[in-house]
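Only one structure is covered here, and it is reproduced in the block below.
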Amino acid sequence: MTKRRRIVIPVLLVLAALVAALLLLSKYGLAVTRLSLEFDDLPRGFDGFKIVQLSDLHGSEFGRDNARLIKAVAQEEPDIIALTGDFLDEGKAGQELPALEALVKELVKLAPVYFVSGNHDWASGAAPELFETLGAAGVNCLRNDFVYLERGGDVLVLGGVDDPNGPYDQKRPAQLVREIRQQYGKDAYILMLSHRNDELPLWAHMGVQTVLCGHGHGGIWRFPFVGGVFGTQRNLFPTHTAGFYSDNGASVFVNRGLGNSPRVIPRILNRPQVAVITLERG
């Protein structure tokens with residue numbers, strides 16, 4: 001063996017080990033992101049209201065029976081848990097539903113859980129079974145519907161929309177917001193759950209104050225000074241893939257998600273995210 005080969009081979013082995021560690025961390029290394037979002041018009045009773053948001057699981061698991069994921073959520077002691085779609089994949093619902101059922105049965109012990117559907121939940125062909133399974137476990141599926149939350153004598157309206165991949169004749173977001181305004185007044189504070197990450201102008205136009213969503217997967221690959229590389233529309237360097245965005249009084253938080261689809265493209269420098277969002281009154 002030549003001197004050059006004696007040097008090159010160990011270097012390549014070290015590089016291969018580093019790449020493998022990076023890929024494993026990007027697939028299984030949960031990142032808990034804590035944010036405080038400040039809003040002038042947040043009802044006083046909801047100052048300090050804590051939400052744990054999980055999105056885009058895509059059948060991924062974190063420890064045996066998702067023990068690491070459940071522990072991460074439990075440690076945050078949330079007021080509610082928001083699940084913003086794509087918890088199933090095409091052709092895999094039969095394998096994924098039992099694990100998802102076991103997961104949500106643990107989550108509902110920690111806090112009220114609210115779910116909205118994503119495009120892959122519908123594409124899986126098992127959306128009816130998904131809603132039935134979640135409902136039986138105690139999850140509130142917000143299917144173009146809303147509930148009101150009371151805290152400290154104040155009310156916040158929590159809404160949720162089905163993904164556009166759902167029924168063609170489903171209620172539209174504008175109709176849902178109109179119903180909320182009719183019941184709670186034009187100044188009602190709305191916290192909306194929606195899977196899609198590219199609808200900020202829509203929510204701003206309707207005067208919805210805060211939206212939690214997913215779908216962008218953080219751009220799958222994330223690089224410093226660049227951000228996300230791949231969009232869900234098969235475009236390069238997409239916008240609104242991760243983090244907090246605002247427009248004309250509306251604010252959207254885009255969760256990077258927990259899993260990936262298609263799975264053949266690995267996440268890189270984009271750890272699975274557990275988002276912990278605390279609402280604060282400005």
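Taking Cα atoms, how many degrees apart are the long axis of helix 67-76 and the longest axis of the chain, rounded to 10 and kept between 0 and 90?
Tilt of helix 67-76: around 50 degrees.
Please identify the longest segment of the chain free of exposed chymotrypsin sites (Phe, Trp or Tyr not before Pro), where exposed means a DSSP state other than H, G, I, E or B and no more than 14 other Cβ atoms within 10 Å.
1-167
Please list the non-local residues whose amide H lies under 5 Å from the amide H of TRP221, H modeled 1.01 Å from N, same-chain partners needing a gap of 5 or more.
HN-HN under 5 Å from TRP221: VAL229, PHE230, ILE268.
Give a residue-ordered list of calculated ³J(HN,Hα) values for region 173-178 (Karplus: 6.51 cos²θ - 1.76 cosθ + 1.60, θ = phi - 60°; whole Hz; x for Gly, Pro).
Running phi through 6.51 cos²θ - 1.76 cosθ + 1.60 with θ = phi - 60° gives x, 4, 5, 4, 5, 4 Hz.
Mind listing the long-range amide H neighbours of GLY85? Cut-off is under 5 Å, sequence gap 5 or more, other chains count too, H placed in the peptide plane at 1.01 Å from N.
Placed amide hydrogens put ASP56, VAL116 under 5 Å from GLY85.
Over the chain, calculate the relative contact order: mean separation of alpha carbon pairs under 8 Å at least 6 apart, over the residue count, as a percent. Walk me through the numbers before you get to the answer.
Values: 621 pairs, mean separation 76.2, N = 282.
Computed over the chain, the figure is 27 percent.
In whole Hz, with x marking every Gly and Pro, tabulate ³J(HN,Hα) for region 34-48 from phi via Karplus 6.51 cos²θ - 1.76 cosθ + 1.60, θ = phi - 60°.
9, 10, 10, 10, 9, 9, 5, 9, 5, x, 4, x, 9, 5, x
Suppose the chain between GLN170 and GLU77 were pulled fully straight at 0.36 nm per residue; how much longer would it get relative to their current alpha carbon spacing?
Details: separation 93, 0.36 × 93 = 33.48 nm, distance 3.44 nm.
Answer, rounded to one decimal: 30.0 nm.
State in Å² the accessible area per residue of region 203-282; use a 1.4 Å probe, count heavy atoms of protein chains only, and round to the nearest integer.
Values: 3440 Å² over 80 residues.
With all protein chains present, region 203-282 gives 43 Å² per residue.
Let me spell out the model: positive unit charges on the Cβ of Lys and Arg, negative unit charges on the Cβ of Asp and Glu, origin at the Cα centre of region 218-282. What dipole size does that give, in debye rounded to 20?
Working: 7 positive and 2 negative charges, 60 e Å.
Its charge dipole is roughly 280 debye.
With runs of 4+ DSSP H residues as the only contributors, calculate the mean residue ellipticity of the chain at 222 nm using -39,500 (n - 2.57) per run, divided by the residue total and rounded to the nearest 500. It would help to have the intermediate numbers written out before the result.
Working: 7 runs with 85 residues, N = 282.
-9500 deg cm²/dmol, from helical runs alone.
Restrict the search to region 178-282; then list the trypsin sites (Lys or Arg not before Pro) that DSSP places in a loop and that have at most 14 other Cβ atoms within 10 Å of their Cβ.
Values: sites: ARG178, ARG181, LYS186, ARG196, ARG222, ARG234, ARG256, ARG263, ARG267, ARG281; in loops: LYS186, ARG196, ARG234, ARG256, ARG263, ARG267.
When the trypsin sites (Lys or Arg not before Pro) of region 178-282 are filtered for loop state and at most 14 Cβ neighbours within 10 Å, LYS186, ARG234, ARG263 remain.
Would you check the chain for Lys pairs whose C-alpha atoms are within less than 25 Å, ignoring same-chain pairs closer than 8 in sequence, and give me the count?
Summing the qualifying lysine pairs gives 11.
Measure off, as a whole percent, the carbon and sulfur share of the 1.4 Å-probe accessible area of region 22-158, all protein chains present. Numbers along the way, then the final one.
Details: 2810 of 5950 Å².
Exposed carbon and sulfur together represent 47 percent of the surface.
So what are the chain's ellipsoid semi-axes, whole angstrom, largest first, if each one is the square root of 5 times an eigenvalue of the alpha-carbon gyration tensor?
Equivalent ellipsoid semi-axes, largest first: 35, 21, 19 Å.
Return the long-range amide H neighbours of THR278 (sequence gap of 5 or more, or a different chain), with a cut-off of under 5 Å between placed amide H atoms.
Here the answer is LEU35, SER36, LEU37, ILE51, since their amide H atoms fall under 5 Å of that of THR278.
Please say if region 98-168 is rounded, prolate or oblate, where rounded means a/c under 1.5 for a ≥ b ≥ c the square roots of the C-alpha gyration tensor eigenvalues, and otherwise the choice is prolate for a/b larger than b/c and oblate otherwise?
Details: a/c = 3.11, a/b = 1.32, b/c = 2.35.
The shape class here is oblate.
Ordered by residue, what ³J(HN,Hα) values in Hz, to whole numbers, does region 90-107 give under the Karplus form 6.51 cos²θ - 1.76 cosθ + 1.60, where θ = phi - 60° and Gly and Pro are x?
Values per residue, Gly and Pro as x: 4, x, 10, 4, x, 7, 8, 4, x, 5, 5, 4, 5, 5, 5, 5, 7, 5 Hz.
Between TYR28 and GLU150, how high is the FRET efficiency from 1/(1 + (r/R0)^6) when r is the Cβ-Cβ distance and R₀ = 41 Å? Nearest 0.05. Before the final figure, lay out each step's value.
On the way: r = 38 Å, r/R0 = 0.93.
The calculated FRET efficiency here is 0.60.
Expressed as an acute angle from 0 to 90° and rounded to the nearest 10, what is the orientation of the C-alpha long axis of helix 127-136 relative to the principal long axis of the chain?
Roughly 70 degrees between the two axes.
In vacuum, with every alpha carbon of region 188-282 counted as one equal point scatterer, what does the Debye formula give for log10 I(q)/I(0) at q = 0.21 Å⁻¹? Two decimals, please.
-1.02
Assuming 0.36 nm per residue, please report the length gained on full extension of the stretch ARG64 to THR2 beyond their Cα-Cα distance. Don't jump to the answer; show the numbers that get you there.
Values: separation 62, 0.36 × 62 = 22.32 nm, distance 4.66 nm.
Length gained between ARG64 and THR2: 17.7 nm.
The values are calculated or read from the model by the stated rules, or taken from the named source; none is laboratory data. Just so you know, these numbers come straight off a predicted model, no measurement behind them. Because the Cβ atoms are built from the backbone with ideal geometry, glycine has one as well, and the counts that use them run over all protein chains shown. Only protein heavy atoms, including side chains, enter the accessible area calculation; ligands, DNA and RNA are left aside. Shrake-Rupley method; radii C 1.70, N 1.55, O 1.52, S 1.80 Å.
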